[in-house]
Amino acid sequence: MRQPIRFRALAVACLGVVLGGIAVAQQPPSPPAPRAAAATVDQRVSALLARMTPAEKVGQLVQAGAFPGMDPAGAIRRGAGSVLWLNDPKQFNALQKVAVEETRLKIPVLFALDVIHGYQTIFPVPLAMAASWDPSEYEQAQAVAAREARAAGLHWTFGPMLDIARDARWGRMVEGAGEDPYLGAAMAVAQVRGFQGPSLGTPGRLIATAKHFAGYGAADGGRDYDPVYLPENLLRNVYLPPFQAAAKAGVGSFMSAYMDLNEVPATANRFLLHDVLRGEWGFQGFVVSDAFGVANLITQGAAKDGPEAARRAVNAGLDVDMASNTYGQHLAAEVQAGRVSMATLDAAVRPMLAAKIRLGLFEHPYVDEAAMAGVLADPAHRARARRAAQRTLVLLRNEQQALPLRKDVASIAVIGPVADSKADTEGSWMVFGHQPAAVTVLEGIKAKVGAATTVIYASGPEIRRDIPSMFDQFTGAPRKPPQTREESDAAFAEAVAAAKGADVAIMVLGESANMSGEAASRASLDLPGRQEELLEAVTALGKPVVLVLINGRPLTIPWAAEHVPAILEAWQPGSEGGHAIADALFGDVNPGGKLPVTFPRKAAHAPLYYARVMTHQPEGTPRYSPRYWDGAEAPLFPFGYGLSYTTFAYGNLKVGAPSMAVGAKTTVSVEVTNTGRVAGDEVAQLYIRQRTGTDTRPRRELKGFSRVTLAPGESRTLTFTLGPEELRYWSTVARKVIQEPALFDVWVGGDSNASAHGEFEVTAAATGRGAARPEAK
Ligand code: BGC
C-alpha cells in the first residue's frame, strides 16, 4: 500500500526542522534565466553525463521527500536530484547550497510541489476553470500561479491533472477538466502554456507535469486508487487525448498514475510509458512516479522486492522515483548486474539534466528571498482571480428572472455551512503550508450591498465527512467534536429564523473542501448533512430563495432543480470567489460558464456522460424506454449546459463543403444572436456524429467551441473547421487510427443538446492509382 498518511503527516510535522543545523545567509538574487539553445543543451547534457558515475546518475532519478527520517539534505549529499513537499525559500536555498557546494558535480536540485490552482492567489479549482470554456483565461491563471510559485523558489509543479472523469463519485474529478476529451485537451494545452510559458525555461514559469498517466479517472466504482479497466478504444479516444495534447504542447514531465491499468500498474506500464508516450508521441521530457509508486509495485503484486520494483519501473520508462527511494537503494546494483542497461539509465537521466540547464539553474541556483513578497502582493493577481472566478459561474436555473438581485434589498439572509468558510471557498488541493485567505460568499455579499441593507448570517447544521480525510491535518483547523443532535437542531432553527426575518434567502450549500480531491470519493452525490432538509424548510417560507452551490463535483439536486427558482453553480471559486459570486448575484456580471460534466439525477447513474454510442433503441426513437424503471436516467443538467441573464438564438448553420474527401477540411458556420436585453457571454459548442462506421461512433462528440460576448441584439457569425484531426478515431476493428468515408451530422448550440443542424459527407480519398477506397475497413 502507498504511504500517504505517514508521508503527509511527517511532511507537516517537520516543516522548519528538517534542516536543523544548516544555517544559510540570504542568497543573492538570481536574474532571469537565459534561454539555452537546444543544441547547447544536448551538448551540455552529454558532457555532464560523461563525467557521472552510475550512482550519480541514479541520484538524479531520486526525488527526496522532506520529512524526518528522510532528511532531504542528506539525500542531496547522496545525490538526490529533486525534492518534494517543501515550501519555504530559505529552506530551498539551504538545500540548494548543499547541492551546489557539497556534491562532486555541483548539479542543482529541482524543488517540486503541487501548485494546482494557485500558489498564494488561489484560482477556481480545475473543474471550475473548465466550466469557463475559456482556455486563454486558464492559461493566464496558471501563469500567475507559476509566477508566484517560482518567486517562492519552486521549479516544478505536479499539474495539470488531465484525467478524464465520467463518474462524479470519484473525488478527484475536481482536479481535472471533466468528462470530455476535446475540452480536456484544450484545457491541457492552456495549462501547459500557462505553467511553462512558450518554452521550458521561460523566466518566472515552472516545469509542468501531465498527470496521472493514464486512465486514473476511470477507477472502478469511482473509488480512488481502485483498478481501471479500459479497452484500447476508450483509452485512446477518451482518456489519452488531453495527455497527447500536453505532450505536443511541450510539457516537461509526466506523472504515472497509482492504479493498475488493465492489471498492469501504471508505474511500470511499458505500453503507456514507452510505446505510447515516447514511441508514438515522441515525448522528450521525464516521467515521475506518483508518491511511493515504485515501492508500491511490491504491494500491488508486480514485483517481489525492491530490486525488481526498480528494474521493472525504469525498464518500463519511469524516470524519477517520487519519495520511495527504491531507485536510491537498488538501481545502481541493477545496472551493475546488467539487468538495467546503461543506455536505459542515461536515457532516464538526460531529460532531468536538460530541464535543469533550460531553467538556468546551473548559473542561478538560488531564489531571491527578498523578491517573493512583492510578487505575491501584486494586485493584478487578485484581479485575475476575480475575473477567472466570474467566468466559471454556471447559472443552472433562473425562473421568472429571480436573478439578478437588487442591491437595495432591505435584508438578506446568507445561510449555509460553506457561506463563510475561507478554506471551502478556496477548495481542494491547497499548496502545502498555505493559509486560506479567500473572500467568502458572505463577505462578498456584504461588500456588494449598500449600507442600508441588513445581511444576517446563519451557518445551519455543520457538514462533515463520515470518515475523516487523511489531508485534514493540512488545514490546521482545530478538530471540533461533531455537533450533537441538539446543537444541529438549534443551528437549523437559527437558519430558518434568519430566513424568516429577511426579504431574500441566499442558501450557500455544497461540500467542504475535503469532500472532494484525493481519497475523497463518495457513494452519494446528494447535498451532505442536513442541507437539503434546510433548503426545503427555507423554501417553504415562500420567500425568494437563491441557491449558490460551492462544490467540487456534480451534486444530485433534483428537488432544488424543481423547487428553487435560482441556482448558481459556483464550484470552489478561490481567493476572490465571494466577490465574483456577489458580482453575479447582483448583476454586475452576467454568468456565462457551462458545465464541463453531466449532472446526474442519482449517483447510481454513474458513469453518465453525453458521448454515449448509439444503441439498438436510442433516445428519441419510438421504441425508446428509459434504462431504469425507478427513475429516468436523463441528466438533470446536460454537459455544456448553462443559462445567462440574457438569451441566445442560433441560426443559419452552413457547412462549407457538403462533400469532401478523407483528409480534407470543411468549415461550419453559424450565427449566434443575443436575443435578450443585457449583454452576455455564450459558449457556442459544435458537436458531430459519424452516422455509420467501422466501429459505432458516439451519438455526439464535441469538436469545437467558442466563448463570445454579445451586446443585446448583436449577432456574430462563428466559423469552425472540421478536418482529419476532428473526424478520425482509434478503431477497435482496424486496431489503429482511421478516418473513413461516412455521413456526418453536425450541430451547434449552447449545450450538448444543441439543435441547429447540418450534415456533410466524407468520401473516399483518391489513392492516386485511379481507385478510391476508404483508409481502413
Ligand atoms: C497525488 C499526486 C501528487 C503527489 C505529490 C499524490 O498522493 O496522487 O497527484 O502530485 O501526491 O503530492
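The values are calculated or read from the model by the stated rules, or taken from the named source; none is laboratory data. Everything numeric here is computed off the predicted structure, so don't read it as measured data. For neighbour counting, all protein chains shown are included, and Cβ atoms are generated from backbone atoms with ideal geometry for every residue, glycine included.
Some values worked out for this structure:
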read-out: Among the candidates 358, 384, residue that is touching a residue at least 12 places away in the same chain (Cβ under 8 Å), away from the ligand (no atom under 16 Å from the Cβ) and touching a Phe, Trp or Tyr at 6+ places or on another chain (Cβ under 9 Å); value: 384
read-out: Residues located in the stretch 596-641, provided they are at positive phi and in contact (Cβ under 8 Å) with a residue 60 or more places away in the chain; value: 640
read-out: The lone exception for residue 329 - which of (1) without any contact (Cβ under 8 Å) to a residue 24 or more places away in the chain; (2) surrounded by 16 or more Cβ atoms within 10 Å (Cβ to Cβ); (3) farther than 21 Å from residue 70 by Cα it fails; value: (3)
read-out: Boolean, residue 412 is of a type in the set (A, V, I, L, M), closer than 30 Å to residue 266 by Cα and touching a residue at least 60 places away in the same chain (Cβ under 8 Å); value: no
read-out: Failed item in (1) away from the ligand (no atom under 16 Å from the Cβ); (2) within 33 Å of the chain's Cα centre (by Cα); (3) at pLDDT 50 or above; (4) farther than 24 Å from residue 351 by Cβ, with residue 58 passing the rest; value: (4)
read-out: Residue in the stretch 608-631 that is charged (D, E, K, R), modelled with pLDDT of 90 or more, closer than 22 Å to residue 729 by Cβ and out of contact with any Ser or Thr (no Cβ under 7 Å at 6 or more places or on another chain) present; value: yes
read-out: Filter result for residue 67 (aromatic (Phe, Trp, Tyr), within 16 Å of the ligand (Cβ to nearest atom), at pLDDT below 95 and touching a helix residue (DSSP H, G or I) at 6+ places or on another chain (Cβ under 7 Å)); value: yes
read-out: Extreme residue, nearest to residue 90 (Cα to Cα), among residues of the stretch 358-401 that are among the polar types (S, T, N, Q) and surrounded by fewer than 20 Cβ atoms within 10 Å (Cβ to Cβ); value: 398
read-out: Scope the stretch 389-432; condition touching a Ser or Thr at 6+ places or on another chain (Cβ under 7 Å) and within 17 Å of residue 680 (Cα to Cα); matching residues; value: 391, 392, 395
read-out: Test: residue 194 is part of a helix (DSSP H, G or I) and at positive phi; value: no
read-out: Segments classed as helices (runs of 4 or more DSSP H), wholly inside the stretch 72-140, with at least 2 members that are of a type in the set (Gly, Ala, Ser); value: 72-77, 126-131
read-out: Residues within the stretch 255-269 that are touching a strand residue (DSSP E or B) at 6+ places or on another chain (Cβ under 9 Å) and surrounded by fewer than 18 Cβ atoms within 10 Å (Cβ to Cβ), tallied; value: 1
read-out: Test: residue in the stretch 279-294 that is away from the ligand (no atom under 15 Å from the Cβ) and of a type in the set (Ser, Thr, Tyr); value: no
read-out: Hits in the stretch 280-299 (condition: free of Cβ contacts under 8 Å to residues at least 24 places away in the same chain and either more than 26 Å from the chain's Cα centre (by Cα) or closer than 13 Å to residue 258 by Cβ (or both)); value: 298
read-out: Close pairs from the stretch 180-193: first more than 10 Å from residue 245 (Cα to Cα), partner of a type in the set (Lys, Arg) and crowded, with 24+ Cβ neighbours inside 10 Å, Cβ under 7 Å, at least 6 apart; value: none
read-out: Spans of helices (runs of 4 or more DSSP H) in the stretch 419-535 with at least 2 residues without any contact (Cβ under 8 Å) to a residue 24 or more places away in the chain and surrounded by fewer than 20 Cβ atoms within 10 Å (Cβ to Cβ); value: 485-500
read-out: Count - residues of the stretch 473-512 that are modelled with pLDDT under 95 and touching a helix residue (DSSP H, G or I) at 6+ places or on another chain (Cβ under 6 Å); value: 2
read-out: Matching residues, the stretch 751-777, being at pLDDT 95 or above and either in contact with a Leu (Cβ under 9 Å, 6 or more places away or on another chain) or more than 26 Å from residue 638 (Cα to Cα) (or both); value: 751, 752, 754, 756, 757, 758, 759, 760, 761, 762, 763, 764
read-out: All positions within the stretch 263-296 that are at negative phi and assigned to a loop (DSSP other than H, G, I, E, B); value: 269, 281, 283, 284, 285, 289, 290, 291
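Residue by residue, here is whether (1) under 23 Å from residue 95 (Cβ atoms); (2) touching a residue at least 24 places away in the same chain (Cβ under 8 Å); (3) surrounded by fewer than 24 Cβ atoms within 10 Å (Cβ to Cβ); (4) not charged (D, E, K, R) holds:
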site: 273; (1), (2), (3), (4): no, yes, no, yes
site: 276; (1), (2), (3), (4): no, yes, yes, yes
site: 301; (1), (2), (3), (4): no, no, yes, yes
site: 304; (1), (2), (3), (4): no, no, yes, no
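A quick yes/no check of all residues on (1) in a loop (DSSP other than H, G, I, E, B); (2) modelled with pLDDT of 95 or more; (3) surrounded by fewer than 19 Cβ atoms within 10 Å (Cβ to Cβ):
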{"residue": "694", "(1), (2), (3)": "yes, yes, yes"}
{"residue": "704", "(1), (2), (3)": "no, yes, no"}
{"residue": "709", "(1), (2), (3)": "no, yes, yes"}
{"residue": "713", "(1), (2), (3)": "yes, yes, yes"}
{"residue": "717", "(1), (2), (3)": "no, yes, yes"}
{"residue": "720", "(1), (2), (3)": "no, yes, no"}
{"residue": "725", "(1), (2), (3)": "no, yes, yes"}
{"residue": "733", "(1), (2), (3)": "yes, yes, yes"}
{"residue": "737", "(1), (2), (3)": "no, yes, yes"}
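Yes or no, residue by residue, for (1) over 23 Å from residue 381 (Cβ atoms); (2) among the aliphatic types (A, V, I, L, M); (3) in contact with a helix residue (DSSP H, G or I) (Cβ under 6 Å, 6 or more places away or on another chain); (4) within 14 Å of the ligand (Cβ to nearest atom):
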| position | (1), (2), (3), (4) |
| --- | --- |
| 145 | no, yes, no, no |
| 162 | yes, yes, yes, yes |
| 170 | yes, no, yes, yes |
| 182 | yes, no, no, no |
| 204 | no, no, yes, no |
| 216 | yes, no, no, yes |
